[in-house]
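**Q** Got a structure here, written out as structure tokens. Questions coming.
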Amino acid sequence: MRKSYVQLRSELNYDDLIVELRSDFTQIPDHRAANVVHKLPDILMSAYAIFSLKYPSLLCFEQQSAVERTNLQSLFGIEKICSDAQMRRVLDEVSPDQLQELFPKRFDLLTRVGIPADYRFLKKYLLFSIDGVHYFESHKINCKRCLEKQHRNGQSSYHHSMLGVALVHPQRREVFPVGCEAIQKQDGVSKNDCELNASKRLQDRLFEAYKDQPAVIVEDALYANEPHIEQILGNSWDFIINVKPSSHEILFKHFEARKERGQVATLVLKEGKQEHHFYWRNNVPLNGKGNVRVNFLYYEQHNGKGKPKCFSWVTSLRLRKSNVYDMMQGGRARWKIENEGFNTLKNQGYHFEHNYGHGYNQLSNVMALMMLLAFLIDQIIQASNRLFNDIWTAAKAKNRVWERIRAIFIIRPVNSFNELFVILADLYSVQLE
Ligand SMILES: [Zn+2]
């Protein structure tokens, strides 16, 4: 008999996900000679282990106890552990494109256990929320990929940023990264990269990987421009993009004029003490002229005191009385990538802004990708594994769960994550099923 999604999800565990990941790592080409002592999958798995175990620095990982070395072998399948210097040297030359391919593979796994089915927006679409994040800054350390900023005092500073994409849903806590694009200097280009260039590459990459998915791209006002919208529509995807009076003056003036003439649809919904006021008009020009026409939604949230909160979006989905509430929630779900994604990476044990190694070429990007991959696998476990959630509830903070996992990993030999979780459950008197 076929297993239900609930059953399949309950069977997901770190150990199987790590075996699958290691198998994917064996497919990544090694640029070095064939007779190297430390094989690339071991080095990649070591980097993954750093982020999976939330080591605060590469040095902490380097100073392993004998037990840690045993556990790295048994839990992560690492045969030979390399030095941190070697890890940096080898990963600096790994192609980020090869690591990018691991995200759609994890999405296939999510599909196998029915998670995208739970994330349907308007019963049909998947919301892909995209946002930029800054994760490295230095006045000294730099590589050939760094974005460079000249300051008035003559000094330069160096940065790395990325655009992240995650599957989100207004009512769901977990966000699942589905890809990313580094905002960094490209091969053969000496000038700085920018968010809009990276976004163009990202759309191509996303569409290549997820063209079968009915995606709705959710983004902030920077992306409400004609070339970007045309690229999304060219892929037969949809969008909900935030717009602001300051960035889209003509659009807002056009809408206000229509509103004064009574040519705008309205709806007020009451929810407890809250009132939701919607104003919309379909098929308006994005910039007053040009070919791109959009549907415009203006929303006010009244809480009974003070000024209402106002938001507005343009979308390719036709606005109706029956969907404006959902559209507002879809537009606001954009923040989930920042709140549940990047902020978790920065503040919930992942040390996103810590420099785990910069290198000369791709290391900074490769380390960021490995961290995002570790976060994705953690989110899969969080969305599916009952024991993990019970331990999290008992420990009260997720940071504490990671700390305890690492503490056990350092001092006690274990054969699997499953065994480690059972020890942790015992510590917190969590009942096993
Ligand atoms: Zn750099």
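**Q** Confirm whether Phe51 is open to solvent by less than 50 Å² (accessible area, probe 1.4 Å), within 23 Å of Phe388 (Cβ to Cβ) and modelled with pLDDT under 90.
**A** Values: open to solvent by less than 50 Å² (accessible area, probe 1.4 Å): yes; within 23 Å of Phe388 (Cβ to Cβ): yes; modelled with pLDDT under 90: no.
It is false that Phe51 is open to solvent by less than 50 Å² (accessible area, probe 1.4 Å), within 23 Å of Phe388 (Cβ to Cβ) and modelled with pLDDT under 90.
**Q** Also, I was wondering about something else. Output the residues belonging to the stretch 54-79 that are modelled with pLDDT of 90 or more and either over 24 Å from Phe352 (Cβ atoms) or touching a Pro at 6+ places or on another chain (Cβ under 6 Å) (or both). Steps first, please.
**A** Here is the first cut: in the stretch 54-79, the residues modelled with pLDDT of 90 or more are 54, 66-79.
Matches in the stretch 54-79: Ala66, Val67, Arg69, Thr70, Asn71, Gln73, Ser74, Gly77, Glu79.
**Q** Also, quick follow-up: Yes or no: the stretch 257-277 includes at least one residue that is within 16 Å of the ligand (Cβ to nearest atom) and open to solvent by less than 20 Å² (accessible area, probe 1.4 Å). Break it down stepwise before answering.
**A** Within the stretch 257-277, the first condition is being within 16 Å of the ligand (Cβ to nearest atom), and the residues that meet it are none.
The answer is no, given that none of the residues of the stretch 257-277 is within 16 Å of the ligand (Cβ to nearest atom) and open to solvent by less than 20 Å² (accessible area, probe 1.4 Å).
**Q** For the stretch 294-306, how many residues are without any contact (Cβ under 8 Å) to a residue 12 or more places away in the chain and touching a strand residue (DSSP E or B) at 6+ places or on another chain (Cβ under 9 Å)?
**A** Taking the stretch 294-306 and keeping what is without any contact (Cβ under 8 Å) to a residue 12 or more places away in the chain, we get 305-306.
Cutting the leftovers down to touching a strand residue (DSSP E or B) at 6+ places or on another chain (Cβ under 9 Å) gives us none.
Number of matching residues: 0.
**Q** Here are the criteria: (1) more than 16 Å from the ligand (Cβ to nearest atom); (2) at pLDDT 90 or above; (3) open to solvent by less than 20 Å² (accessible area, probe 1.4 Å). Tell me which single one Phe342 does not satisfy.
**A** Condition (2) is where Phe342 drops out.
**Q** Give the stretch 91-123 a look and list any residue that's open to solvent by less than 10 Å² (accessible area, probe 1.4 Å), assigned to a helix (DSSP H, G or I) and β-branched (Val, Ile, Thr), or say none.
**A** Ile115, the sole residue that qualifies.
**Q** While we're here: Does Ala182 count as closer than 21 Å to Gly341 by Cβ, at pLDDT below 95, of a type outside the set (Ser, Thr, Tyr) and in a strand (DSSP E or B)?
**A** Judged against the criteria, Ala182 is a match.
**Q** Let me ask something else. Select, from Cys82, Cys143, the only residue that is surrounded by fewer than 22 Cβ atoms within 10 Å (Cβ to Cβ), assigned to a loop (DSSP other than H, G, I, E, B), modelled with pLDDT under 95 and within 16 Å of the ligand (Cβ to nearest atom). Walk me through how you get there before you give the answer.
**A** Details: Cys82 fails: within 16 Å of the ligand (Cβ to nearest atom).
Residue meeting the stated conditions: Cys143.
**Q** Here's another thing I want to ask about it. Of all residues in the stretch 235-256 being among the small types (Gly, Ala, Ser) and over 23 Å from the mean Cα position of the chain (by Cα), which is least open to solvent (accessible area, probe 1.4 Å)? Lay out the reasoning, then the answer.
**A** Within the stretch 235-256, the first condition is being among the small types (Gly, Ala, Ser), and the residues that meet it are 236, 246-247.
From what is left, the residues that are over 23 Å from the mean Cα position of the chain (by Cα) are 246-247.
Details: Ser246: 107, Ser247: 63 Å².
Selected residue: Ser247.
**Q** Further question on the same structure: In the stretch 299-339, what count of residues is obtained for those that are assigned to a helix (DSSP H, G or I) and open to solvent by 40 Å² or more (accessible area, probe 1.4 Å)?
**A** Of the stretch 299-339, the ones assigned to a helix (DSSP H, G or I) are 324-332, 335-339.
Still in the list and also open to solvent by 40 Å² or more (accessible area, probe 1.4 Å): 325-326, 329, 332, 335, 338-339.
Number satisfying all stated conditions: 7.
**Q** Additional query: Output the qualifying pairs, or none if there are none: Cβ atoms under 7 angstrom, residues six or more apart or on different chains, first residue in the stretch 229-258 and farther than 13 Å from Ser316 by Cα, second residue in a helix (DSSP H, G or I).
**A** Correct list of pairs: Val243/Ala221; Val243/Leu251; Lys244/Ala221; Pro245/Phe252; Ser247/Ala221.
**Q** Which residues, taken from the stretch 280-293, are without any contact (Cβ under 8 Å) to a residue 40 or more places away in the chain and either open to solvent by 40 Å² or more (accessible area, probe 1.4 Å) or out of contact with any helix residue (DSSP H, G or I) (no Cβ under 9 Å at 6 or more places or on another chain) (or both)? Break it down stepwise before answering.
**A** So in the stretch 280-293, the residues without any contact (Cβ under 8 Å) to a residue 40 or more places away in the chain come out as 281-285, 288-289, 293.
Arg281, Asn282, Asn283, Gly288, Lys289, Arg293 - these are the residues of the stretch 280-293 that are without any contact (Cβ under 8 Å) to a residue 40 or more places away in the chain and either open to solvent by 40 Å² or more (accessible area, probe 1.4 Å) or out of contact with any helix residue (DSSP H, G or I) (no Cβ under 9 Å at 6 or more places or on another chain) (or both).
**Q** Sticking with this structure for a sec: What are the residues in the stretch 124-140 that are surrounded by fewer than 17 Cβ atoms within 10 Å (Cβ to Cβ) and either without any contact (Cβ under 8 Å) to a residue 24 or more places away in the chain or within 16 Å of the ligand (Cβ to nearest atom) (or both), if any?
**A** Residues of the stretch 124-140 surrounded by fewer than 17 Cβ atoms within 10 Å (Cβ to Cβ): 124, 134, 137-140.
Answer for the stretch 124-140, where residues must be surrounded by fewer than 17 Cβ atoms within 10 Å (Cβ to Cβ) and either without any contact (Cβ under 8 Å) to a residue 24 or more places away in the chain or within 16 Å of the ligand (Cβ to nearest atom) (or both): His134, Glu137, Ser138, His139, Lys140.
The values are calculated or read from the model by the stated rules, or taken from the named source; none is laboratory data. Model, not experiment: these values are computed from the prediction. Ideal geometry is used to build each Cβ from the backbone, glycine not excepted, and the neighbour counts take in all protein chains shown. In case anyone asks, the SASA skips ligands and DNA or RNA and just uses the protein heavy atoms, side chains included. Shrake-Rupley method; radii C 1.70, N 1.55, O 1.52, S 1.80 Å.
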